[in-house]
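So the structure is just underneath, and the comments pick up after that.
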Amino acid sequence: MDDLLKFLVARLNDDNHAYAYVARTMGGEAILDSHLPMLDLIEQLVRDYGAMDLADSRSAGLAYALRVLAQSYAEHPAYRQEWRP
């Protein structure tokens, strides 16, 4: 699961850099309706899972949710098929 968490953090960082580039080149108004709040929420879930005790009854559900969210990056060359939910 650690590799999946690292993968998600790297993809979120890539997406944040892409939005920053758009803001610099097209102005901040171009990203008002962006997915930045969603990226922040996914990052929070990654942090929560990383800090969670695996004995916590919620860990299995959160792990599944992270696998589902990672599917949006399934076309990325670093995505692993074993991460599919």
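The values are calculated or read from the model by the stated rules, or taken from the named source; none is laboratory data. All values reported here derive from a predicted model rather than from experimental measurement. With ideal geometry, Cβ positions are generated from the backbone for all residues, glycine too; neighbour counts draw on all protein chains shown. Side chains are part of the model used for accessible areas, which takes the heavy atoms of the whole protein and leaves out ligands, DNA and RNA. Shrake-Rupley method; radii C 1.70, N 1.55, O 1.52, S 1.80 Å.
Within the range 44-63, which residues are farther than 12 Å from ASP2 by Cα and assigned to a helix (DSSP H, G or I)?
Step one: filter the range 44-63 for residues farther than 12 Å from ASP2 by Cα, giving 44-45, 48, 52-62.
Across the range 44-63, the qualifying residues are GLN44, LEU45, ASP48, SER59, ALA60, GLY61, LEU62.
List pairs: first residue in the range 6-26 and under 21 Å from ARG47 (Cα atoms), second residue small (Gly, Ala, Ser) and not in a helix (DSSP H, G or I) anywhere in the structure, Cβ distance under 7 angstrom, at least six positions apart or on different chains.
PHE7/ALA78
What residue, of ARG58, ARG67, is among the basic types (Lys, Arg), in contact (Cβ under 8 Å) with a residue 40 or more places away in the chain and open to solvent by 30 Å² or more (accessible area, probe 1.4 Å)?
Details: ARG58 fails: in contact (Cβ under 8 Å) with a residue 40 or more places away in the chain.
One residue alone meets the criteria, ARG67.
Tell me which residues, restricted to the range 70-85, are more than 19 Å from HIS17 (Cβ to Cβ), open to solvent by 50 Å² or more (accessible area, probe 1.4 Å) and touching a residue at least 24 places away in the same chain (Cβ under 8 Å).
Applying the first criterion (more than 19 Å from HIS17 (Cβ to Cβ)) to the range 70-85 yields 71, 74, 80-85.
Pick out the ones that are also open to solvent by 50 Å² or more (accessible area, probe 1.4 Å) and you get 71, 80-82, 84-85.
Correct list: ARG80 only.
In the range 41-55, which residues are among the acidic types (Asp, Glu) and surrounded by 12 or more Cβ atoms within 10 Å (Cβ to Cβ)? Let's see the steps before the verdict.
Our first condition is that a residue be among the acidic types (Asp, Glu); within the range 41-55, this holds for 43, 48, 53.
GLU43, ASP48, listed by residue number.
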